[in-house]
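Read the structure below first, then the notes.
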Amino acid sequence: MARMKFLCDAERCIECNGCVVACKNENEVPWGVNRRRVVVLDDGVPGEKSISVACMHCTDAPCAAVCPVDCFYTTDDGIVLHDKDLCIGCGYCFYACPFGAPQYPQKEAFGVRGKMDKCTFCAGGPGENNSDEEYTKYGRNRIAEGKLPLCAEFCATKALLGGDGDMVADIYRQRVLKRGGRPQTWGWETAYKKAG
Amino acid sequence: MNRRGALTIAALAGTSILTGCWESADVTVHEQGKYKGRGDPLLDAKSTAEREAVLQKRFQLVQADR
């Protein structure tokens, strides 16, 4: 069984934010919410790298583990989705997620946040596929149409890959082999390098 | 009597409306780790197998390196 995954190749990402725009437009994402963001590492320093980040559709999703009303569910192909009718806007998933994926459309007094919104891997949510209700609450259901997330399909440099994890990993492995290694912008060497 | 009766009924109705003394019996009882929301057609295992092949083809077509 395929497991759907995103991977951003930092060597290819040019910080064009095309993925962010594609996501916003395709899913009519609420004002103030970005389901996808481009993060720049070592900004302004020679050798800076950019990566596009959204929900990583974790295999053991911490958002789902902490949700007090269990509004999360995972499809057979590993896409983590949630039901906005069950969400109480408590914000626990926001604190639990290491990628900052869950976001809230409202900022009002007394911490009123509204229903949580996050990347759906363009797979909509509960209810009839591509119904008006689904589109309004969760955005386009491209998966039901036999298409992959628009952010990945829109990426001009093919830095952002989204699809079957095995196929994504194969492509990345081939690229790394061709380049003769991976960048050390993050990873072991960076995290544990000796100061000085 | 009629007037008094009508007033009593109106008062009772008004009180119940104003206090909102009605409760839906349709309550979802929480159970840890169990999703009890609406169903999603994407959860249908039968369609997942067919979808997998379609999405793999799509991936090769759109995202694979050329």
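Results, tabulated for the structure shown:
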{"item": "Using alpha carbons only: equivalent-ellipsoid semi-axes of the protein assembly as shown, gyration tensor based, whole Å", "result": "45, 22, 16"}
{"item": "Fraction of accessible area attributable to carbon and sulfur, the protein assembly as shown (%, probe 1.4 Å)", "result": "56"}
{"item": "Euclidean distance between Cα centres, region B:4-66 to region A:121-174, Å", "result": "22"}
{"item": "Peptide A:45-56 - average C-beta neighbours from other chains (10 Å radius)", "result": "0"}
{"item": "Rg/Rg_globular for region A:1-73, with Rg_globular taken as 2.2 N^0.38 Å and Rg from C-alpha atoms", "result": "1.34"}
{"item": "Dimensionless Rg/Rh of chain B - Kirkwood Rh, Rg from C-alpha atoms", "result": "1.55"}
{"item": "Positions from region A:152-175 whose accessible area shrinks by 30 Å² or more when the full protein complex is built, not the chain alone, probe 1.4 Å", "result": "A:GLU153, A:LYS158, A:MET167, A:ILE171"}
{"item": "Relative contact order (%) - criterion: Cα under 8 Å, at least six apart; region: chain A", "result": "27"}
{"item": "Inter-site label distance for A:TRP31 and A:PHE110 at 7 Å from Cα along Cβ, in nm", "result": "2.3"}
{"item": "Hull shadow area, averaged, region A:32-175 [alpha-carbon convex hull, nm²]", "result": "10.5"}
{"item": "Summed buried accessible surface, chains B and A, 1.4 Å probe, nearest 100 Å²", "result": "2900"}
{"item": "Inter-label distance for A:ALA156 and A:GLU189, nm, one decimal - labels placed 7 Å from Cα along Cα-to-Cβ", "result": "2.9"}
{"item": "For region A:131-191, diffusion coefficient by Stokes-Einstein and Kirkwood Rh (Cα), 37 °C, 0.692 mPa s, µm²/s", "result": "229"}
{"item": "Per-residue mean of C-beta atoms belonging to partner chains within 10 Å, peptide A:1-7", "result": "2"}
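The values are calculated or read from the model by the stated rules, or taken from the named source; none is laboratory data. The model shown is predicted, which means the values in this text are computed figures rather than measured ones. Here Cβ is always computed from backbone atoms with ideal geometry, including for glycine, and neighbour counts include all displayed protein chains. Accessible surface areas use protein heavy atoms only, side chains included; no ligands, DNA or RNA. Shrake-Rupley method; radii C 1.70, N 1.55, O 1.52, S 1.80 Å.
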